[in-house]
Amino acid sequence: MSKKPTLLLLFDVLSLILIPAALILILFFTPVERVMGPVQKVFYFHVSAAWAGMLGFIFAGVAGAGYLITRRQTWDWLSLSAIEVGLVFGLIAILSGMIWAQPIWNTWWVWDPRLTTTAIMELIYLAYFILRSGLDTPEARARLGAVYAIVSVGTVPLTFFSIRLFRTIHPVVITTGGEGGAFNMSPRMLLAFFISLAVFTLLLADLVWHRYRLAELQTQNKQEA
Amino acid sequence: MKPLIRYLNTIWQITRKDIQVEWRGRQGVPVMLVFALLVVFLFNFALQLSPELQAGLASGLLWVSLAFASTLGLNRSVSLERENNAMDGLLLAPVDRSAIFFGKSISNFAFTCLVAIILLPVFSLFYQQNMLSLPLIGIILLGVAAYTSLGTLLAALSIQTRTRDVLLPVLLYPLALPILIAAVESSRGVLSGQAFADLQSWVYLLVACVVLFNAAGLMFFETILEE
Amino acid sequence: MPANTLNDMILGFAVILGVLLIYVLTLVIRTRRARVQRERNQQNPD
C-alpha cells in the first residue's frame, strides 16, 4: 500500500478536532428549544448524518458510472467504500431519529416519509453487499455492483416521492402534537447546524478514503496470495 | 428505418420463443397462478380478512399476490436460459443485447398479466366487489410493466451469483417499493370510485417507473451479461 | 418551560458517537489485519 497521503492525515486530524468542537458548540452555545428541551440538540448531528449518508450513496452511484466507463478497479473501491460508510451514516440517522421521536412523538417509530425512505435505503444497500458476496470474480463484483449502485440511486427519489404522496393523501392517524416537532431556527442554531453539516461531510470523505485504502490493500493481498 | 425494424423483430423473436416454451411446457404460468391464489388464502387467514373487504385491502392483496407470483416467473425466465446453456446461444447471436432484455421483459409482462386477468374475477368473487373495470386493468398493465422490467433487469443480475434465484426478492422488493405503492394506491382509488384527477400523480409515477426501468434495461443489460 | 429531555439527549449523542466509534474500530482492525497479511506475503514470496 502506498504511504499515507498528507491530505488524509489532515482530514484525520481535522475530524478529530472538529467533532468535539461541534459537539461543544451544540451542547453549550445553542439555545435550548422552547418546547422539546435538550433532546432537540440531537437534531444537528441527526440531519448531518442523514445528509452524509445520502451523499455517500449518490457518490457511490457516480463512482459506479466511473467504473463502467473506465473499467478501472479504483472506481469500484470508491463505490464500495462510499456505500459501506453511507450505510453507517444511515444507521446513525435512523437510530438518533428514533431517540428523538420517543419523547417528542411518544413512539420509537413513525411511518414518516423521510424515516421510511432512509430505512428502505438501508435495506437496498444491505442487498448490495449480499449481491457482491455471491459473485466470484472481482471483475463481476465491480461490474454488477456498479449497475446495482446506479439503479438504486435512481430509485431513491421515486421512493421518497411515493411515500411522501402516500402520507399526504392519507388521513393522519396518529397526531404528532406541536406540528410534528417543527421549530424555527435562531441564527445560533443555524450556525451550529451548518458547522455540523460541514463536519459530517468531512468525516464522510475521511472514512471513505480510509475504507478505499483498505480495499486497495485487500486486493493487493489477494493478488499476491 | 431498417435497423429499427430488425431490432423490433429480434425482440419479437425472443418474446415468441419464451411464449412457445411456456405454451409447450405450461410450467410457468400455472405455478404462478396457484402461488398467487395461495398467497391470497394465506393473507386471508393471517390477517383475518372479512368478505366485505375495503377497496384498500383488496387492491393491496391483489398487488402483493401479483408481485410474489411474478417473482417466480422472473426467476424462471432467466434460469431456463441458464439450464441448458441456452444463454450462451442467445449471447452468441449477433443481436443487440438490450433486445434480449426487451424480449424477456415483454414475455414476463405477458405472463404476469395473464395471471392478473385470471385473478381479477376470482377477487371479484371472493370479496364481493366488481374488479373487472377498464381503469383498473389499465393500472395493472402499467404497474406490471414497470415491475417486470425492473424484475428482468435484476433477475439477470441475481442469476450470476452463487445463490442464484434466491437473491432476486432481496434485490427486487426494496427497489420495487415505489411501483407497489403507486399501483396499490391508484387501484384503491379506482375501486372506491375516485376521479382520475385525484389519482393522476400515482399514474404519472407509474409511467415514470416504466420509462426509468426500461431505460435502465436498455443501458445496462449489455453490461450485465458480458463475460 | 421546555420538556425535561436531558437523558434522551445524552442517549442520542452516545448512540451517534458510539456507532461511529464502532465503525472506526472495525476499519482499524481490518486494516491492521490486512497489513499483517501483507507483511507475511512479502516475507515468503511464493
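Brief remarks follow.
- Only one of the numbered conditions (1) at pLDDT 90 or above; (2) over 27 Å from residue B:208 (Cβ atoms); (3) more than 9 Å from chain B (Cβ to nearest Cβ) is not met by residue A:101, and that is (1).
- Test: residue A:143 is at the interface with chain B (Cβ under 10 Å from one of its Cβ atoms) and within 20 Å of residue A:218 (Cβ to Cβ): yes
- Condition check for residue B:185: crowded, with 21+ Cβ neighbours inside 10 Å, of a type in the set (D, E, K, R) and over 17 Å from the mean Cα position of the chain (by Cα): yes
- Number of positions in the stretch B:190-209 that are more than 9 Å from every other protein chain (Cβ to nearest Cβ) and assigned to a helix (DSSP H, G or I): 10
- Against the numbered list (1) in contact (Cβ under 8 Å) with a residue 40 or more places away in the chain; (2) within 14 Å of chain C (Cβ to nearest Cβ), residue A:95 comes up short only at (1).
- Qualifying residue in the stretch B:111-123 (condition: under 27 Å from residue B:220 (Cα atoms) and either modelled with pLDDT under 90 or not β-branched (Val, Ile, Thr) (or both)): yes
- Qualifying residue in the stretch B:138-149 (condition: in contact with an Asp or Glu (Cβ under 7 Å, 6 or more places away or on another chain), of a type in the set (Ser, Thr, Tyr) and either within 28 Å of residue B:88 (Cα to Cα) or facing chain A (nearest Cβ under 8 Å) (or both)): no
- All conditions but one from (1) more than 22 Å from residue B:224 (Cα to Cα); (2) crowded, with 23+ Cβ neighbours inside 10 Å apply to residue B:152; the one that does not is (1).
- Test: residue in the stretch A:30-39 that is among the small types (Gly, Ala, Ser), touching a helix residue (DSSP H, G or I) at 6+ places or on another chain (Cβ under 9 Å) and at pLDDT 85 or above: no
- Those helices (runs of 4 or more DSSP H) lying entirely in the stretch B:1-113 with at least 3 residues of a type in the set (Lys, Arg) and without any contact (Cβ under 8 Å) to a residue 24 or more places away in the chain: B:2-25
- Pairs meeting the criteria (first residue in the stretch B:151-179 and closer than 17 Å to residue A:119 by Cβ and assigned to a helix (DSSP H, G or I), second residue aromatic (Phe, Trp, Tyr) and at pLDDT 95 or above, beta carbons under 6 Å, at least 6 apart or on different chains) are B:176/B:147.
- Just one of the numbered conditions (1) in contact with a Gly (Cβ under 7 Å, 6 or more places away or on another chain); (2) modelled with pLDDT of 95 or more is not true of residue A:81: (1).
- When residues of the stretch B:21-47 are limited to those that are modelled with pLDDT under 85 and closer than 22 Å to residue B:181 by Cα, the one surrounded by the most Cβ atoms within 10 Å (Cβ to Cβ): B:44
- Filter result for residue C:19 (at the interface with chain A (Cβ under 8 Å from one of its Cβ atoms), crowded, with 16+ Cβ neighbours inside 10 Å, in a helix (DSSP H, G or I) and under 12 Å from the mean Cα position of the chain (by Cα)): yes
- Of the residues contained in the stretch B:115-131, none is found to be crowded, with 18+ Cβ neighbours inside 10 Å, within 25 Å of residue A:119 (Cα to Cα) and β-branched (Val, Ile, Thr).
The values are calculated or read from the model by the stated rules, or taken from the named source; none is laboratory data. Model, not experiment: these values are computed from the prediction. Quick reminder, even Gly has a Cβ in these numbers, built from the backbone with ideal geometry, and neighbours come from all protein chains shown.
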